[in-house]
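Here the structure comes first, spelled out in structure tokens, and everything after it is commentary.
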Amino acid sequence: MDLRELEKDNTGRCRLSSPVPAVCLKEPCVLGVDEAGRGPVLGPMVYAVCYCPLSRLADLEALKVADSKTLTENERERLFAKMEEEGDSVGWALDILSPNLISTSMLGRVKYNLNSLSHDTAAGLIRHALDQGVKVTQVFVDTVGMPETYQARLQQRFPGMEVTVRAKADSLFPVVSAASIFAKVARDQAVKNWQFVESLQDLDSDYGSGYPNDPKTKAWLRKHVDPVFGFPQFVRFSWSTAQAILEKEAEDVTWEDSAEEDPEGPGRITSYFLSQGPQAGRPQAPHRYFQERGLEAASSL
Amino acid sequence: MESADEAADCKQRVHLRPGSLRDAAPATLHLLPCEVLVSRPAPVERFFTPAVRHGADGLQVSFRGRGLRGEEVAVPPGFSGFVMVTEEMGEGLIGKLNFSGDAEDKTEKMQEPLERDFDRFIGATGSFSHFTLWGLETVPGPDAKVHKALGWPSLAAAIHAQVPED
């Protein structure tokens, strides 16, 4: 799979797609949606759609595509190559969400959680296929969160097609299995060839599966923590595993929107009844002009 | 008053090393919208600088998994920026300085003997004419405190200037 586009800039999101098979512009098509790399604390999450004409679905089934999790890496690679050969009837598109995009979304001022990010990415890919002219009539989606609400939302967004959202859709519907293989192959390749934006010394490429419960992944995180910057952008800072390591091994950082109690709070209620009042002993606040500019008189160094 | 005593305890005499201003090499500075609760060297060149993206919609980077947007800010005209560092004063150094004066900065006349905890030497370790100001998810823009603060020197000059008497 050609991921050069991602390797050029892996700090945001990267959409890749196959040429649209001519037959998909004319005949009604079925489209499957699945994702790979949702759980890991390392690397991107990859969303994939795969589509083909309803009339050719049997060909896809004949390839014996299955849920990518039940396949070995070799089997996935082989099926991926087979589907590429079917390029005159099978099309695909990917959206690769970098770990940096995931971190900054989930840790944003307005929290954008992984479920919403996933739902919007899936909808974006369906929209992309439609914009390319693919005649999508049926959509099958592996669920994220509650399938009923997810299905209702997608159905509302795409009223012209029949939407089915199901748990384990990747083992129930061949077109979703195919999408899961595209997603997994892309995710594995992206992780394997990850271009670190940082200039790191002694970079250890043995990070295990990337899942938080993998001892190798945890050891890698601990080894690559920097007291000030935390981790390289390859790490999803928003994962509790990453946060826990930062709390222990990196310096504390406070942001203007950090929830914190005001240390200059009103103080004890009884202080208002004492002769000195709550302001006693506190230096006089500077004029508003200086407060608004964050300026203070320095009397010592 | 207790607070007055405290203020007296903090009083210091600051000596600038003029030579360090001439020798200060240009420095690259980033002002982040957060506080790292410790002062220590950081591998900015390895982690931060290469991660900065110069896109069509300005500067972008992330710190600790949070998105930042940046802009270049110039030091006000007529001013120069310096990174100043306070020298640690050991007892031995005080003694030596009192005997020989500061050989490097002869222009500074030592009127009184130096005292520990009272005299401080500061010197420049870097100079700058602009720096990068970062905001959390948005470009700080003209309303940012830093921009407004940089207007103070010209206002200060105006209000402290001699008013001609008629």
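Looking only at region B:74-118, which residues are modelled with pLDDT of 60 or more, outside any loop (DSSP other than H, G, I, E, B) and over 29 Å from B:Ala149 (Cβ atoms)?
none
A:Ser205: open to solvent by 60 Å² or more (accessible area, probe 1.4 Å), modelled with pLDDT under 95, outside any loop (DSSP other than H, G, I, E, B) and not basic (Lys, Arg), yes or no?
no
Could you grab the pairs with beta carbons closer than 7 Å, sequence gap of 6+ or different chains, first residue in region A:188-205 and aromatic (Phe, Trp, Tyr), second one open to solvent by 60 Å² or more (accessible area, probe 1.4 Å)?
A:Phe196/A:Leu203
Considering only region B:132-162, state which residues are more than 11 Å from chain A (Cβ to nearest Cβ), open to solvent by less than 20 Å² (accessible area, probe 1.4 Å) and at negative phi.
The answer is B:Thr132, B:Leu133, B:Trp134.
Mind checking which strands (runs of 3 or more DSSP E) fall wholly inside region A:83-167 and carry at least 2 residues that are of a type in the set (Val, Ile, Thr) and buried (at least 17 other Cβ atoms within 10 Å of the Cβ)?
In region A:83-167, the matching strands (runs of 3 or more DSSP E) lie at A:136-142, A:162-166.
Which of the numbered conditions does A:Gln195 fail, given that it passes all the others? Conditions: (1) open to solvent by 10 Å² or more (accessible area, probe 1.4 Å); (2) closer than 30 Å to A:Arg127 by Cα; (3) away from chain B (no Cβ under 14 Å).
Against the list (1) open to solvent by 10 Å² or more (accessible area, probe 1.4 Å); (2) closer than 30 Å to A:Arg127 by Cα; (3) away from chain B (no Cβ under 14 Å), A:Gln195 comes up short only on (3).
Which of the residues spanning region B:63-85 are surrounded by 20 or more Cβ atoms within 10 Å (Cβ to Cβ) and touching a helix residue (DSSP H, G or I) at 6+ places or on another chain (Cβ under 7 Å)?
Within region B:63-85, B:Gly65, B:Arg66, B:Gly67 meet the criteria.
So B:Gly70 clears everything in (1) modelled with pLDDT under 90; (2) farther than 22 Å from B:Phe118 by Cβ; (3) not in a loop (DSSP other than H, G, I, E, B) except one condition, right? Which one?
Unmet for B:Gly70, out of (1) modelled with pLDDT under 90; (2) farther than 22 Å from B:Phe118 by Cβ; (3) not in a loop (DSSP other than H, G, I, E, B): (1).
Would you check which residues across region A:90-114 are under 10 Å from the mean Cα position of the chain (by Cα) and away from every other protein chain (no Cβ under 13 Å) and list them?
Listed by number, the residues that qualify are A:Asp95, A:Ile96, A:Leu97, A:Asn113, A:Leu114.
Only residues that are buried (at least 16 other Cβ atoms within 10 Å of the Cβ) and more than 7 Å from chain A (Cβ to nearest Cβ): list them for region B:49-62, please.
Answer for region B:49-62, where residues must be buried (at least 16 other Cβ atoms within 10 Å of the Cβ) and more than 7 Å from chain A (Cβ to nearest Cβ): B:Val52, B:Leu59, B:Gln60, B:Val61.
Within region B:31-43, identify whether any single residue is more than 10 Å from chain A (Cβ to nearest Cβ), open to solvent by 30 Å² or more (accessible area, probe 1.4 Å) and in contact (Cβ under 8 Å) with a residue 24 or more places away in the chain, and answer yes or no.
Within region B:31-43 (the criterion being more than 10 Å from chain A (Cβ to nearest Cβ), open to solvent by 30 Å² or more (accessible area, probe 1.4 Å) and in contact (Cβ under 8 Å) with a residue 24 or more places away in the chain), the answer is yes, since at least one residue qualifies.
Do you know which residues across region B:38-73 are closer than 26 Å to B:Leu150 by Cβ and under 20 Å from the mean Cα position of the chain (by Cα)?
B:Ser39, B:Ala42, B:Val44, B:Gly70, B:Glu71, B:Glu72, B:Val73
Listed residues A:Pro227, A:Pro215; which is free of Cβ contacts under 8 Å to residues at least 12 places away in the same chain and either within 29 Å of B:Leu136 (Cα to Cα) or away from every other protein chain (no Cβ under 14 Å) (or both)?
It is A:Pro215.
The values are calculated or read from the model by the stated rules, or taken from the named source; none is laboratory data. Everything numeric in this text was worked out from a predicted model, so none of it was measured. Neighbour counts are summed over all protein chains in view; Cβ atoms, including those assigned to glycine, are modelled from backbone coordinates with ideal geometry. Protein only, heavy atoms only, side chains kept; ligands, DNA and RNA dropped before computing areas. Shrake-Rupley method; radii C 1.70, N 1.55, O 1.52, S 1.80 Å.
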